[in-house]
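Asks: For reference, the structure I am asking about is given below.
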Amino acid sequence: MIELAGQYSDGRSAALRAARLRLGEESRVELLCGDEPRIFVLAQLQISERLGNTPRRIRLPGGGQFESADNDALDQWLAAQGRRGGEHWVHRLERRWRWALAALLISVALLGGGIWWGIPAAAERIALSLPAEVNASIGAGTLRLLDEALVGPSELPPARRRALREAFAALAVDHPEEHLRLHFRAGERLGANAFALPDGSIVVTDELVALADRDPAEADAEVLAVLAHEIGHVIRRHGLRGVLQNAGVVTLLAALLGDVGSVTALAATLPTALVHASYSRDFEREADAFALALMDRHGLPRERFASILRKLGEVAGDDHSFLASHPPTTERLQIIGGR
Amino acid sequence: MSIQFTADGREGDDSRIGSAGQANSGQANSGQPGLPFVFTGRGGEYFRIWIVNLALSILTLGIYSAWAKVRARRYFYANTLLDGAGFDYTAEPLKILKGRVIAALVIGAYVAAGQLYPVASLPLVFVYWLLFPWLLMKSLAFNAHYSIHRGLRFGFDQGVGDAVRVYALLPILIPLTLGIYYPFWKRRVAGYYVGNHRYGGTPFSFHATGGQYLRLYLTALPIILLCGALAGAVLAGLGWLMESLFASLQADAGDDGEPGARAVVLIQLMSFGMVALFYLCLLPVFAWLRARGDNLRWNNTRLGEHCFASDQSAVQLMLIYLLNVFAIVFTLGLAIPWAKVRLARYRAEHLRFVPGGPVDELLAGQDGETSATADAFDDLGGFDAGL
């Protein structure tokens with residue numbers, strides 16, 4: 001015979017009365033509250049799952065409920081009645097520090113693995129299986145914004161432009177479905193730079209062409225090396241993958257750690273900035289590898305990619321430079337030379 | 001004694017909980033009228049619950065998160081006591097999962113449609129603009145229905161018209177009046193939220209005036225301007241610092257002008273710090289609006305003849321926010337359970353229930369919300385979209 005001390009409410013008013021629940025043999029339960037004892041069997045009761053040391057709620061037929069904080073006695077009786085999970089399995093994990101520690105290790109391992117490998121791999125599969133138009137829609141209107149804010153009209157001589165366009169077309173011929181187009185702009189604040197928009201527009205600045213033109217013999221190959229890198233961004237769908245990956249990380253962290261209250265939730269999602277930087281370096285490495293393969297196919301010497309990177313390093317003046325979001329040049333040069 | 005918590009005239013019934021004596025002790029402790037809310041949750045205990053449920057959520061690819069949510073909410077409800085009696089959250093996780101699937105479908109459909117058919121974006125915005133108040137209303141009703149205190153359910157009386165008016169139509173006035181309408185709109189939101197809730201059969205009512213909300217935001221204005229200016233100055237100052245740092249790194253760099261991996265990491269850490277500092281500067285604004293806003297809302301909320309009294313301090317709340325943010329950032333999120341417990345304890349300890357008569361006479365609703373008929377609610381399509 002086990003007796004639980006607790007409170008009884010009838011479900012019709014907010015009145016709460018001290019009561020006792022006598023737990024007997026053969027699942028027999030007796031509620032002692034005021035006048036007559038009321039008798040139930042276990043099957044008639046709905047008992048809430050144990051959670052920390054919070055009181056248990058036992059719903060009785062007819063809308064009343066009995067509440068007691070004597071969790072251990074109740075669990076002991078439930079177990080004696082052969083009730084499976086007298087102590088709920090989640091609670092068994094929650095009550096011990098060693099299980100909490102195991103849960104912590106599992107969470108860190110899976111979250112870390114998910115963020116570093118899982119999300120990028122999933123984003124890659126999704127992005128490469130979607131039609132090129134979806135990727136193109138990511139950057140719609142970007143070129144116009146760039147024209148308005150950051151770059152100016154190109155001042156390269158038409159003959160130089162034509163020559164580079166022809167060389168570019170020869171590189172792009174492998175990927176007719178990507179609508180690769182070359183645009184020339186004056187870099188202005190962006191300096192010697194090149195970038196790819198997801199819709200296949202590739203922009204190269206006059207400053208970058210001038211940098212390559214310092215050594216006329218190598219000039220075309222150096223510009224083409226940079227353009228090959230940018231084509232890599234388009235073909236490998238880095239625009240769409242970036243959007244998918246960042247959305248994935250934010251969604252994951254918000255779903256798992258959110259629900260904290262606005263300010264503290266914000267603190268929890270701040271590390272996404274660091275994850276983002278790592279993702280963009282991965283894209284640069286992939287574009288480098290793509291560029292080298294493309295150059296090999298078209299008989300362009302790899303040394304030209306290395307030489308233009310060195311030149312870019314010399315002029316890199318501000319954080320808008322071509323190098324800012326890229327892996328360290330020394331590392332890139334090693335990779336280029338090492339193949 | 002003016003407060004008679006259980007002066008219901010029934011005599012000789014010494015077994016009842018919540019005696020006038022306890023009401024007295026509540027007074028004696030704080031020197032203020034009413035019964036204090038008490039929070040009994042502990043950070044260490046909640047950490048184990050949190051991390052175990054987090055791991056299970058990850059292992060099940062998020063499916064278990066509905067169960068995790070119920071356990072977390074139950075923990076906070078059950079540890080919030082008023083006059084010795086806790087609150088209970090009895091929602092079934094499967095229904096929460098259903099709500100999440102609905103919310104995910106709605107959001108996913110919106111995003112996909114916007115990406116694939118940009119032309120459809122505008123009409124879609126209109127549809128979702130009307131859909132959002134409905135989802136929110138459904139969620140409020142869901143959570144109220146599964147909240148129980150002293151054996152009685154809470155409830156939320158759903159009015160689609162009111163929801164659309166408050167959450168979709170009235171906000172249009174904010175830009176039209178250059179923001180002057182904002183405090184008045186906040187009052188409407190609080191009024192909708194409080195005024196449609198009920199405890200058992202007794203409705204809550206909301207009595208704040210637009211003038212009170214206007215005063216709240218007018219007095220916040222100097223803090224907003226000061227903190228905003230500070231945040232702007234911090235951003236500008238750090239931007240300048242970063243630029244000069246970058247320049248000096250470049251000057252020190254080797255022959256190839258390579259700033260080096262170390263510099264890149266440094267720059268990234270600094271931009272991270274900049275964002276963090278920016279939000280830290282705005283923390284007083286968040287804390288002030290939250291503390292004073294909560295006080296204003298609770299102090300003008302009534303449940304039948306009963307009132308509430310809230311006395312959160314903006315400074316104390318800001319210190320708690322500050323402590324929580326630092327703890328969470330420096331433990332990479334592990335301090336979240338302690339942060340939540342700390343915040344819940346502060347909020348509970350600064351809220352009191354001021355009975356205007358016998359609480360025992362608060363009755364269940366007309367709709368016979370006892371266990372036998374409770375499930376009718378779910379047949380009517382109750383769900384929580386998590387808004």
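The values are calculated or read from the model by the stated rules, or taken from the named source; none is laboratory data. Not measured: the values here are computed from a predicted model. So basically every Cβ, Gly included, is an ideal-geometry build from the backbone, and we count neighbours across all protein chains shown.
Asks: Restricting the range A:171-185 to residues that are among the hydrophobic types (A, V, I, L, M, F, W, C) and either at pLDDT 90 or above or not assigned by TED's automatic domain parsing to the domain that holds A:D199 (or both), which is farthest from A:A127 (Cα to Cα)?
Replies: In this case the residue turns out to be A:F184.
Asks: Within the range A:1-61, considering only strands (runs of 3 or more DSSP E) that don't extend past its boundaries, which have at least 1 residues that are among the acidic types (D, E) and surrounded by fewer than 20 Cβ atoms within 10 Å (Cβ to Cβ)?
Replies: Numbers: elements: A:2-9, A:17-23, A:28-32, A:38-41, A:56-59.
Ranges flagged: A:2-9, A:28-32.
Asks: Could you grab me the full set of residues in the range A:13-41 that are modelled with pLDDT under 85 and under 52 Å from the mean Cα position of the chain (by Cα)?
Replies: A:S27
Here is a yes/no grid of residues against (1) within 30 Å of A:A15 (Cβ to Cβ); (2) surrounded by fewer than 17 Cβ atoms within 10 Å (Cβ to Cβ):
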residue	(1), (2)
B:P133	no, no
B:I148	yes, no
B:I172	no, yes
B:F184	no, no
B:G200	yes, no
B:T209	no, yes
B:R215	no, yes
B:C227	no, no
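Asks: Can I ask one more? Determine if the range A:227-237 includes at least one residue that is at pLDDT below 85 and not hydrophobic (A, V, I, L, M, F, W, C).
Replies: Just the residues of the range A:227-237 that are at pLDDT below 85, to begin with: none.
Among the residues of the range A:227-237, not one is at pLDDT below 85 and not hydrophobic (A, V, I, L, M, F, W, C), which makes the answer no.
Asks: Going through the range B:303-338 one residue at a time, which ones are closer than 23 Å to B:P36 by Cβ, assigned to a helix (DSSP H, G or I) and of a type in the set (A, V, I, L, M, F, W, C)?
Replies: Passing the criteria: B:A314, B:V315, B:L317, B:M318, B:L319, B:I320, B:L323, B:W338.
Asks: For the range A:62-72, give me the residue count where each residue is facing chain B (nearest Cβ under 8 Å), buried (at least 16 other Cβ atoms within 10 Å of the Cβ) and not in a strand (DSSP E or B).
Replies: Going through the range A:62-72 one residue at a time, the tally reaches 2.
Asks: Determine if the range B:123-133 includes at least one residue that is modelled with pLDDT of 85 or more and under 29 Å from B:A190 (Cβ atoms). Outline the logic, then answer.
Replies: To start, the set of residues in the range B:123-133 that are modelled with pLDDT of 85 or more comprises B:133.
Checking which are under 29 Å from B:A190 (Cβ atoms) leaves us with B:133.
Yes, there is a match, as at least one residue in the range B:123-133 is modelled with pLDDT of 85 or more and under 29 Å from B:A190 (Cβ atoms).
Asks: Just one of the numbered conditions (1) more than 10 Å from chain B (Cβ to nearest Cβ); (2) closer than 24 Å to B:I51 by Cα is not true of A:L101; which one?
Replies: Going through (1) more than 10 Å from chain B (Cβ to nearest Cβ); (2) closer than 24 Å to B:I51 by Cα one by one, A:L101 breaks only (1).
Asks: Further question: Any residue at all in the range A:40-48 that is more than 9 Å from chain B (Cβ to nearest Cβ), more than 19 Å from A:E3 (Cβ to Cβ) and aliphatic (A, V, I, L, M)?
Replies: Checked the range A:40-48: at least one residue is more than 9 Å from chain B (Cβ to nearest Cβ), more than 19 Å from A:E3 (Cβ to Cβ) and aliphatic (A, V, I, L, M).
Asks: Quick check on B:A231: is it surrounded by 15 or more Cβ atoms within 10 Å (Cβ to Cβ), at pLDDT below 90 and under 26 Å from B:W288 (Cβ atoms)?
Replies: yes
Asks: Being within 13 Å of chain B (Cβ to nearest Cβ) and more than 24 Å from B:D83 (Cβ to Cβ): is that true of A:Q81 here?
Replies: So A:Q81 does not fit the description; no.
Asks: Taking the criterion of being under 30 Å from B:K69 (Cα atoms), free of Cβ contacts under 8 Å to residues at least 40 places away in the same chain and out of contact with any Ser or Thr (no Cβ under 7 Å at 6 or more places or on another chain), would at least one residue in the range B:217-226 satisfy it?
Replies: Step one: of the range B:217-226, the residues under 30 Å from B:K69 (Cα atoms) are none.
Among the residues of the range B:217-226, not one is under 30 Å from B:K69 (Cα atoms), free of Cβ contacts under 8 Å to residues at least 40 places away in the same chain and out of contact with any Ser or Thr (no Cβ under 7 Å at 6 or more places or on another chain), which makes the answer no.
Asks: Give the residues of the range A:115-136 that are surrounded by fewer than 18 Cβ atoms within 10 Å (Cβ to Cβ), at pLDDT below 90 and not hydrophobic (A, V, I, L, M, F, W, C), sorted by residue number.
Replies: Matches in the range A:115-136: A:G118, A:S129, A:P131, A:E133.
Asks: Next question. Going through the range B:146-192 one residue at a time, which ones are assigned to a loop (DSSP other than H, G, I, E, B) and over 22 Å from the mean Cα position of the chain (by Cα)?
Replies: B:R150, B:G151, B:T177, B:L178, B:G179, B:I180, B:Y181 - these are the residues of the range B:146-192 that are assigned to a loop (DSSP other than H, G, I, E, B) and over 22 Å from the mean Cα position of the chain (by Cα).
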